[in-house]
Amino acid sequence: MNNEMIIENIPFGVILHNNEGLIIDANKQLEQIFKIRLKDIIGEKWDNQSLKIVNKEGMEYSVENHLVKEAILKGRDVRDAVFGIVHPETRDIIWVNTTTVFKPAESGDKTDQNQVLMYLSDITDIIHTTVTIESVIENLNLGTWQWNIETDCLVLK
């Protein structure tokens, strides 16, 4: 079984970057997660995409600087980074959890042959569920119950 067949059948998105951060390959699962065409992202860098990327706080986020360059420059993996992709047409946010893996060049190759492999999982449903649960908990906790010994009643304050 070759690597391409494995990457195409993995149940999460995979992006391969070259040493300069250029997206050189991706699998079809990525199209389903991002809801865009592969031809729109291959050959580009993250910061050149028409997609708006946000962090958990809703602030603009640079995948290229925080994940890809960190893996390339430091030669180490970056695990469990979460960011949102704002879909250009629907404005919906697709939340992903990523692991970025440094892939050193084969022995004998130059360091400019280093690559970065990024795995992306759609966690939008998990984020929405978490936000809903936190909101319910917050709304249930609008006050505190106290026993009033003078009136012998339970009072919400």
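Determine if region 123-139 includes at least one residue that is loosely packed, with under 10 Cβ neighbours inside 10 Å, modelled with pLDDT of 90 or more and farther than 15 Å from Gly21 by Cβ.
yes
Going by the conditions given, is Gly43 on the phi > 0 side of the Ramachandran plot and either at pLDDT below 90 or touching a Leu at 6+ places or on another chain (Cβ under 6 Å) (or both)? Please lay out each step first, then the result.
Working: on the phi > 0 side of the Ramachandran plot: yes; either at pLDDT below 90 or touching a Leu at 6+ places or on another chain (Cβ under 6 Å) (or both): no.
It is false that Gly43 is on the phi > 0 side of the Ramachandran plot and either at pLDDT below 90 or touching a Leu at 6+ places or on another chain (Cβ under 6 Å) (or both).
From the list Thr151, Thr129, Thr144, which one is under 23 Å from Met59 (Cβ atoms) and not charged (D, E, K, R)?
Result of the check over Thr151, Thr129, Thr144: Thr129.
Quick one: is Asn148 over 21 Å from Ile24 (Cβ atoms), modelled with pLDDT under 85 and either under 17 Å from the mean Cα position of the chain (by Cα) or surrounded by 10 or more Cβ atoms within 10 Å (Cβ to Cβ) (or both)? It would help to see each step written out before you state the result.
On the way: over 21 Å from Ile24 (Cβ atoms): yes; modelled with pLDDT under 85: yes; either under 17 Å from the mean Cα position of the chain (by Cα) or surrounded by 10 or more Cβ atoms within 10 Å (Cβ to Cβ) (or both): yes.
For Asn148, the condition - over 21 Å from Ile24 (Cβ atoms), modelled with pLDDT under 85 and either under 17 Å from the mean Cα position of the chain (by Cα) or surrounded by 10 or more Cβ atoms within 10 Å (Cβ to Cβ) (or both) - is met.
In region 59-108, what count of residues is obtained for those that are outside any loop (DSSP other than H, G, I, E, B), over 14 Å from Trp46 (Cα atoms) and of a type in the set (Lys, Arg)?
3
Return the residues of region 1-18 that are surrounded by 15 or more Cβ atoms within 10 Å (Cβ to Cβ) and at pLDDT below 90; say none if nothing qualifies.
The one that is surrounded by 15 or more Cβ atoms within 10 Å (Cβ to Cβ) and at pLDDT below 90: Ile7.
Which of the residues spanning region 59-73 are touching a residue at least 12 places away in the same chain (Cβ under 8 Å) and not hydrophobic (A, V, I, L, M, F, W, C)? Give the derivation first.
To start, the set of residues in region 59-73 that are touching a residue at least 12 places away in the same chain (Cβ under 8 Å) comprises 61-72.
Answer for region 59-73, where residues must be touching a residue at least 12 places away in the same chain (Cβ under 8 Å) and not hydrophobic (A, V, I, L, M, F, W, C): Tyr61, Ser62, Glu64, Asn65, His66, Lys69, Glu70.
Which of the numbered conditions does Arg79 fail, given that it passes all the others? Conditions: (1) within 19 Å of Ile10 (Cα to Cα); (2) among the basic types (Lys, Arg); (3) surrounded by 15 or more Cβ atoms within 10 Å (Cβ to Cβ).
(3)
Kindly indicate whether Gly21 is assigned to a loop (DSSP other than H, G, I, E, B), among the small types (Gly, Ala, Ser) and under 18 Å from Asn114 (Cβ atoms).
Yes: the conditions hold for Gly21.
Please determine, by comparing only the residues of region 101-122 that are among the hydroxyl-bearing types (Ser, Thr, Tyr) and under 16 Å from Ile72 (Cα atoms), which one is surrounded by the fewest Cβ atoms within 10 Å (Cβ to Cβ).
Among residues in region 101-122 that are among the hydroxyl-bearing types (Ser, Thr, Tyr) and under 16 Å from Ile72 (Cα atoms), the one surrounded by the fewest Cβ atoms within 10 Å (Cβ to Cβ) is Thr111.
From the list Lys56, Lys52, pick out the single residue that is closer than 19 Å to Val82 by Cβ, loosely packed, with under 13 Cβ neighbours inside 10 Å and out of contact with any Asp or Glu (no Cβ under 6 Å at 6 or more places or on another chain).
Values: Lys52 fails: loosely packed, with under 13 Cβ neighbours inside 10 Å.
Being closer than 19 Å to Val82 by Cβ, loosely packed, with under 13 Cβ neighbours inside 10 Å and out of contact with any Asp or Glu (no Cβ under 6 Å at 6 or more places or on another chain) holds for just one of Lys56, Lys52, which is Lys56.
Please go through (1) among the acidic types (Asp, Glu); (2) surrounded by fewer than 15 Cβ atoms within 10 Å (Cβ to Cβ); (3) over 28 Å from His128 (Cβ atoms) for Asp25 and return the number of the only condition it doesn't satisfy.
(2)
In region 63-120, which residues are acidic (Asp, Glu) and either under 25 Å from Lys35 (Cβ atoms) or within 19 Å of the chain's Cα centre (by Cα) (or both)?
Matches in region 63-120: Glu64, Glu70, Asp77, Asp80, Glu89, Asp92.
The values are calculated or read from the model by the stated rules, or taken from the named source; none is laboratory data. Computed from a prediction, not measured in an experiment: that's the story for all the values here. Quick reminder, even Gly has a Cβ in these numbers, built from the backbone with ideal geometry, and neighbours come from all protein chains shown.
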